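The values are calculated or read from the model by the stated rules, or taken from the named source; none is laboratory data. A quick note: this is a predicted structure, and the numbers were derived from the prediction, not measured. Every residue, glycine as well, gets a Cβ built from its backbone with ideal geometry; the counts of neighbours run over all protein chains shown. With ligands, DNA and RNA removed, areas are computed over all heavy atoms of the protein, side chains included. Shrake-Rupley method; radii C 1.70, N 1.55, O 1.52, S 1.80 Å.
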Amino acid sequence: MSTEEKSLNFIEQIIEEDLKNGLSQDKLRFRFPPEPNGYLHIGHASAICLNFGLGIDYKAPVNLRFDDTNPAKEEQEFVDAIKRDVQWLGFEWSEERYASDYFQQLYDWTVDFIKQGKAYVNNQTSKKMAQPKGTPSTFGTDSPYRNRSIEENLELFERMKNAEFPEGAHILRAKIDMKSTNMLMRDPIMYRILHKYHHRTGDAWCIYPMYDWAHGESDYIEQISHSFCTLEFLPHRELYDWFLDQIYDATKVRPKQREFARRNLSHTVVSKRKLLQLVKENHVTGWDDPRMSTISGLRRRGYTPASIRNFATTIGIAKRDNLINVSVLEYCVREDLNKIAPRVMAVLDPIKVVITNYPEGKEEWLEAENNPEEEQVTYRKVPFSRELYIEREDFLEEAPAKFFRLSIGKEVRLKNAYIIKGESVIKDAQGNLTEIHVTYDTDSLSGSGTEASQRKVSGTLHWVSIPHAIEAEVRVYDRLFIDEAPDSHKEKDFLEFVNPESLKVVKGFVEPSLQEAKNEDKFQFQRLGYFTVDKDSGAEKLVFNKTVGLKDTWEEKGKKEENILMATQKEINKYVKEKDETNAVVILRILFPTSKAH
């Protein structure tokens, strides 16, 4: 990869340094290694974009490997979902691998460990092991089983494999150093007994390797050159390397583990355990609920692969954990949908408008742009008639001076149509507004070229013709949590911060061009935001999910969108001073998206 094309992040600098030090370009190989115990979330999306992006930049293969070493939590459903998500994001893997492919090899290596006196069978429960393991400030003490004979260890380990013991009766530990300053090096567990059905190997095994043992060795078997993981695995690196030391053949590529910061997203959670809790306790409708931070949830909400990839690029790779405001993600999808989403008209809180001087029974089909951002703008026909719906909030009987919408005695333009003037209202017995009566300027049709069509009025409203309107269910989503970091409060359960207003379902009306809209089709409802067709939609019932508004108004009290994303010069200087250039670049990319100076 040419360093002239772009500045390198610290991950790319590691790779470049290794290439300079003799690693052959054709030996580069990366991997994305999810555990199939849940659906992927936005944090995984960043890791996917990192590893597959490196594969693209360096023209190197990238494996999709499932670290399926815990049959108690893993299912084929999650394997299938992960594959769908990676492909949907626009990536293809070189090889599909599984840690379970290597169970026999891992077992054989483990037997060699025992024969070399590097592993032993331990009879203690996890609870009984905890105290002898010590603390970060005190040494651990040897297990009473640490000096078992090689013969006894081999016999017990084989009996473990042959299902002669119940779960928890025995474990296998590596014999390393009970005085190590790294707690993970104090005789870590390599194998435990689990009498569980494995989604790939069935009942062939009842002992399963621990992550630390299986992961690095899987990298080695696949000849992964660089194993990138998040910062919580930094203490594991020493153990990763120790295990590799025991089997390494100098004629092969030795994997290198390096860590990058987890990029947490505000107003959500990305812990699989907590996501599962949300699903099981019915706080959401499932893993793909549009309020979830899962990739499948974001997809159903209406996010695009391009917007998520751009989000990953925008936030970059950092060396320290950081909380990214969800507004950045919303900014990315808004930017993408603005380019690709057709403009249509929909009314979500309708009030009836009658044009009293428009002939009864007459209808017109007016021309409207589909998307002005297209290189070659296309058009559709929209029906117009005497009776229309507009948004209830677009009318005030008695309006203040700066109300630029419809009121009595005031003119507004109907989008792509005519100028109308408020004349009178009809109310029910309780005084509730039921109809607005208006007149229209017959010569003011948009695009007709008449002098009246070019008259300037204070506002433009969207609308839907009542005889042609199609009823639709519209699900208006908000952030799932009212707190920006709901799982950071030690004294409170994260569920206490669930937003009770995170979903509102309304009955709206849309123009007839949407009658044939299909699942995941995306539209801009003019003046309202971006919406996508939900999978619950069908021939008898249209269902839309609100993806994002036209601008970010969440708790911003009228601030412009730029103010949400903009950092002060002081903050940028702070990032630069601390050599956290990634955060500074995030801000600059958002403020100046077309600049090459990043």
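In summary, strands (runs of 3 or more DSSP E) completely within region 484-535 and bearing 1 or more residues that are open to solvent by less than 60 Å² (accessible area, probe 1.4 Å) and among the β-branched types (Val, Ile, Thr) occur at 503-510, 529-533. When Lys59 is tested against (1) touching a helix residue (DSSP H, G or I) at 6+ places or on another chain (Cβ under 6 Å); (2) of a type in the set (D, E, K, R); (3) at positive phi, exactly one condition is not met: (1). From the list Phe78, Phe32, Phe103, the one residue that fits, being farther than 18 Å from Asp212 by Cα and modelled with pLDDT of 95 or more, is Phe78. Only a single criterion out of (1) within 24 Å of Ser126 (Cβ to Cβ); (2) out of contact with any Ser or Thr (no Cβ under 9 Å at 6 or more places or on another chain) is not satisfied by Asp245, namely (1).
Of everything listed in (1) in a helix (DSSP H, G or I); (2) open to solvent by 20 Å² or more (accessible area, probe 1.4 Å); (3) touching a helix residue (DSSP H, G or I) at 6+ places or on another chain (Cβ under 7 Å), the single unmet condition for Arg84 is (3). Taking region 429-461, which residues are part of a strand (DSSP E or B) and open to solvent by less than 20 Å² (accessible area, probe 1.4 Å)? Selection gives Ile436, Val438, Leu461. Of all the listed residues (Val353, Val344, Val333, Val382), the sole one being closer than 30 Å to Asn264 by Cα, modelled with pLDDT of 95 or more and touching a Phe, Trp or Tyr at 6+ places or on another chain (Cβ under 8 Å) is Val333.
Put simply, of Ile351, Ile390 the only residue that is touching a helix residue (DSSP H, G or I) at 6+ places or on another chain (Cβ under 6 Å) and either among the aliphatic types (A, V, I, L, M) or not in a strand (DSSP E or B) (or both) is Ile351.
What about Leu323, is it open to solvent by 20 Å² or more (accessible area, probe 1.4 Å), of a type outside the set (D, E, K, R), modelled with pLDDT under 95 and over 11 Å from the mean Cα position of the chain (by Cα)? It is true that Leu323 is open to solvent by 20 Å² or more (accessible area, probe 1.4 Å), of a type outside the set (D, E, K, R), modelled with pLDDT under 95 and over 11 Å from the mean Cα position of the chain (by Cα). Search region 331-390 for residues being open to solvent by 40 Å² or more (accessible area, probe 1.4 Å), in contact (Cβ under 8 Å) with a residue 24 or more places away in the chain and acidic (Asp, Glu), and hand back the single one that is nearest to Leu528 (Cα to Cα). Here the residue is Asp349.
Annotation: of all residues in region 536-551 being of a type in the set (Lys, Arg) and open to solvent by 60 Å² or more (accessible area, probe 1.4 Å), the one that is nearest to Lys381 (Cα to Cα) is Lys541.
Any residue at all in region 62-72 that's out of contact with any Gly (no Cβ under 9 Å at 6 or more places or on another chain), free of Cβ contacts under 8 Å to residues at least 60 places away in the same chain and surrounded by fewer than 18 Cβ atoms within 10 Å (Cβ to Cβ)? No, the conditions are met nowhere in region 62-72. Looking across region 391-428 at every residue that is without any contact (Cβ under 8 Å) to a residue 60 or more places away in the chain, open to solvent by less than 50 Å² (accessible area, probe 1.4 Å) and among the β-branched types (Val, Ile, Thr), the one that is farthest from Ala346 (Cα to Cα) is identified as Val425.
In the set (1) closer than 19 Å to Val548 by Cα; (2) surrounded by 18 or more Cβ atoms within 10 Å (Cβ to Cβ), the condition left unmet by Val464 is number (1).
Which residues, taken from region 396-420, are closer than 20 Å to Asn357 by Cα and outside any loop (DSSP other than H, G, I, E, B)? Answer for region 396-420, where residues must be closer than 20 Å to Asn357 by Cα and outside any loop (DSSP other than H, G, I, E, B): Leu406, Ser407, Ile408, Glu411, Val412, Arg413, Leu414, Ile419, Ile420. Scanning region 244-293 for residues that are more than 24 Å from Lys504 (Cβ to Cβ) and of a type in the set (A, V, I, L, M, F, W, C) gives Leu244, Ile247, Ala250, Val253, Phe260, Ala261, Val270, Leu276. Glu12 falls short of the stated requirement of being open to solvent by 20 Å² or more (accessible area, probe 1.4 Å) and assigned to a helix (DSSP H, G or I). Of all the criteria given as (1) at pLDDT 90 or above; (2) of a type in the set (Val, Ile, Thr); (3) not in a strand (DSSP E or B), the one not satisfied by Thr547 is (3).
Rundown of residues vs (1) within 22 Å of Glu96 (Cα to Cα); (2) out of contact with any helix residue (DSSP H, G or I) (no Cβ under 6 Å at 6 or more places or on another chain), yes/no style:
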| residue | (1), (2) |
| --- | --- |
| Ile189 | no, yes |
| Tyr211 | yes, yes |
| Glu222 | yes, yes |
| Ser227 | yes, no |
| Leu239 | no, no |
| Tyr248 | no, yes |
| Arg254 | yes, yes |
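Against the numbered list (1) in contact with a strand residue (DSSP E or B) (Cβ under 8 Å, 6 or more places away or on another chain); (2) more than 25 Å from Tyr197 (Cα to Cα), Cys49 comes up short only at (1). Scanning region 467-483 for residues that are open to solvent by 50 Å² or more (accessible area, probe 1.4 Å) and more than 29 Å from Leu329 (Cβ to Cβ) yields Pro467, Glu471. With respect to Glu398, determine if the residue is among the acidic types (Asp, Glu) and at pLDDT 95 or above. Judged against the criteria, Glu398 is not a match.
For region 146-156, state whether one or more residues are more than 26 Å from Ile247 (Cα to Cα) and not hydrophobic (A, V, I, L, M, F, W, C). So far as region 146-156 goes, no, none of its residues is more than 26 Å from Ile247 (Cα to Cα) and not hydrophobic (A, V, I, L, M, F, W, C).
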